[in-house]
Amino acid sequence: MSAKLRRSQGQTQFRFVDTTKKSRARLSLPRVSLRLGGKRGSAKDSDLVFAQGDDYIICENLVKIYQIADIEVFALQGLDMVIKKGELMAIIGASGSGKSTLLNILGGLDSPTGGRVTVGAWNLSKLTSAEAVIYKRQVVGFVWQNVTRNLIPYLTALENVELPMIINGTYDRAWAEELLDAVGLKDRMRHKLQELSGGQQQRVAIAIALANKPELLLADEPTGALDRASGRIVLDVFRKVRDLYGVTVVIVTHDMSMASAVDRYVRIRDGKISSESVRRVVEAQVDENGEQVENAEAEETHDEYTVLDSAGRLQVPPEFREALNIQNRVRLHLEDGKIVILPPEDSAS
Ligand SMILES: Nc1ncnc2c1ncn2[C@@H]1O[C@H](COP(=O)(O)OP(=O)(O)OP(=O)(O)O)[C@@H](O)[C@H]1O
Ligand SMILES: [Mg+2]
């Protein structure tokens, strides 16, 4: 296997030659001669340093409107969200709720129509196209549901992991091998796509996404095409690489069992975060003799909180509104340390 770089007007051409199959892939990338470092006009504030547990991703009043002919689609409608550095978290929501739109914005693949979004030192609302290239190549890694979007089929697992490094000019065979070992595929490095199961392919995809040592790993339905057991292994790999390399992991999923296995998940509804659930361990109960009480083993659970946006607005879940026949007005009362939401007096209920 070999790689050749050739520069011509404004373009770096990269030619990857797979000597085993004599097949070739040619990629064209814009040449980037930007020097970032908190310079005037740069979207990166290089003075900012983030430690594990710091607020790392901050979305404030994020809006995304798609315009199709005369129709405007409001994909994100003033979304507020904070993700800590080193968190393993999930975003869950119905189809069309805005999950992929949000992930694409966090990955620098799309830009918001309004609001503000920062990822570490990067202000994504202000990215130039040249900065977006650096951000996508060095700061963020993507894992998609569709494996063909993650992997080049005629390359081995190892070559697939090496490819982004070659493009980035940071080729390192030992690092590629370490990553495949970390995702549990040490003995499958020389296998091609069709020689790997769906779950193994997704684990290669995670290694590929980590090849350029990103700070942030974004995954859009990474287990959507897998059975429950393979999906669980993939999730364990996300947790392992988070623990090993300190990478922040954001997973979009429909799958509630996946969401409930991470530290925290947020629910997105109509382009806004509606609730947040945080994992909590409930201790086992013991009696006065120190014996464990029957049916009171230690267990993990999630505490669910409804999220208020910066203006104090919250979403009342549709099933609650339906149960009390609430349309577009409610009565609010503050009483005995509670805020009570009641249907209007003229409601049919
Ligand atoms: N490129 C686009 N042009 C126009 N509308 C779009 C575009 N991408 C998404 N939308 C619309 O924005 C809304 C949110 O879409 P998005 O893909 O973010 O949803 P999602 O939560 O990822 O759904 P799914 O679970 O089906 O993948 C939808 O109404 C969708 O039709
Ligand atoms: Mg989607």
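What to note about this one:
- Cβ pairs under 9 Å, 6+ apart, first in the stretch 220-231 and hydrophobic (A, V, I, L, M, F, W, C), second within 13 Å of ligand 1 (Cβ to nearest atom) and in a loop (DSSP other than H, G, I, E, B): 225/145; 225/146
- Between 73, 82, the distinction of being surrounded by fewer than 16 Cβ atoms within 10 Å (Cβ to Cβ), assigned to a strand (DSSP E or B) and within 16 Å of ligand 2 (Cβ to nearest atom) belongs to 73 only.
- Among the candidates 98, 108, the residue that is over 11 Å from the mean Cα position of the chain (by Cα) and closer than 22 Å to residue 267 by Cβ is uniquely 98.
- Under the condition of being free of Cβ contacts under 8 Å to residues at least 40 places away in the same chain, more than 8 Å from ligand 1 (Cβ to nearest atom) and not β-branched (Val, Ile, Thr), the residues counted in the stretch 76-113 number 3.
- Helices (runs of 4 or more DSSP H) fully within the stretch 194-287 counting 1 or more residues that are touching a Phe, Trp or Tyr at 6+ places or on another chain (Cβ under 8 Å) and surrounded by 19 or more Cβ atoms within 10 Å (Cβ to Cβ): 198-210, 256-259
- Note on the stretch 42-70: residues that are hydroxyl-bearing (Ser, Thr, Tyr), in a strand (DSSP E or B) and more than 20 Å from residue 251 (Cβ to Cβ) amount to 1.
- Near pairs, Cβ below 9 angstrom, 6+ apart or cross-chain, from the stretch 58-75 (over 12 Å from residue 115 (Cβ atoms)) to any residue that is small (Gly, Ala, Ser) and assigned to a strand (DSSP E or B): 66/75
- Those residues of the stretch 107-118 which are away from ligand 2 (no atom under 13 Å from the Cβ), on the phi < 0 side of the Ramachandran plot and touching a strand residue (DSSP E or B) at 6+ places or on another chain (Cβ under 8 Å), in sequence order: 112, 113, 114, 116, 117, 118
Bear in mind that the values in this text are calculations on the coordinates, not laboratory data. Nothing here was measured: the structure is a model prediction, and the numbers come from that model. Here Cβ is always computed from backbone atoms with ideal geometry, including for glycine, and neighbour counts include all displayed protein chains.
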